[in-house]
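Data block below; observations after.
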Amino acid sequence: STEAPASSPSVMYTSIDKFAFDAGGYNDKFVTLYLPLPGVGSIDKDKIKCHFGKDEFDITVLDLNGKNYRLKKDNLEHDIDPEKSKYIVKADKIVVKLQKIKGEYGSFDFWSKLTDPKRKEKKNQDKSNPAASLTEMMKEMYENGDDQMRKMIGETMLKQRNGELNNKDMGLGDLGSGFDD
């Protein structure tokens, strides 16, 4: 069900702060969360609700051994497909499957973490200045790249700064060859 859990002011929730996270690989359709809740499979299914949004989910469990539980995340690292996301109730846990969205090259987005607090800032920044987002991407590639990648990016940035770049090789060294004008 994709309807939002009823939030009445009288309901107090215990946060579900221990769970397992499986990001899956490039070909996996889902990011999977395992929420350990002993006995959850024995309560009425209508006491368990989960709302999925494009970059959020909110799961609530009412009256499990006298307690109400909730796990809400609204700054997921990547967008999800709310229609295809789902949850499965097992005897002692809930499995939440967040459907990944395919990126521009046909493979699924690579998730390294569940949430990204900086994501909202990045969204706002990207719209205002396209050059800043390119610089940010280059910084990330440099930080996460191997020595060869760092060397190449470092040389390119140095050439760029010194005005040595011509449009033909664009500073990509061997990577830039093979493209004809």
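The values are calculated or read from the model by the stated rules, or taken from the named source; none is laboratory data. What you see is a predicted model, and the numbers here were worked out from it, not measured in a lab. Don't worry about glycine lacking a Cβ; one is built from the backbone with ideal geometry, like all the others, and counts go over all protein chains shown. These accessible areas exclude ligands, DNA and RNA; they are computed on the full protein's heavy atoms, side chains included. Shrake-Rupley method; radii C 1.70, N 1.55, O 1.52, S 1.80 Å.
Just a few scattered comments:
- Counting heavy atoms of the protein chains alone, L114 has an accessible area of about 20 Å² for a 1.4 Å probe.
- With a Förster radius of 30 Å applied to the C-beta separation of D28 and L134, the computed FRET efficiency comes to 0.55.
- Averaged per residue, region 25-100 has 49 square angstrom of accessible surface, using a 1.4 angstrom probe with ligands and nucleic acids left out.
- Estimated FRET transfer efficiency (S42, E83; beta-carbon r; R0 30 Å; 0.05): 0.55
- Within the shell defined by Cβ-Cβ distances under 14 Å, the residues around F108 carry a net charge of -2, with Lys and Arg each +1 and Asp and Glu each -1.
- Apportionment of accessible area to carbon and sulfur, region 32-104, percent (1.4 Å): 45
- Where S85, S112, S107, S42 fall by accessible area, highest first, once all protein chains stay in place (1.4 Å): S42, S112, S107, S85
- Legend: distances between Cα atoms for K73/K97; K118/K139; K54/K97; K29/K93; K54/K86; K29/K118; pairs beyond 19 Å are K29/K93; K29/K118.
- Positive minus negative residues near V89 (Lys, Arg vs Asp, Glu; Cβ under 13 Å): +4
- Nitroxide proxy distance, nm - points 7 Å out along Cα→Cβ at D146 and A20: 3.1
- Summing Cβ point charges (Lys, Arg +1; Asp, Glu -1) relative to the Cα centre of region 46-101 gives a dipole of roughly 260 debye.
- Along each principal axis, taking the top coordinate minus the bottom one, the Cα set of region 24-119 gives 47, 25, 21 Å in descending order.
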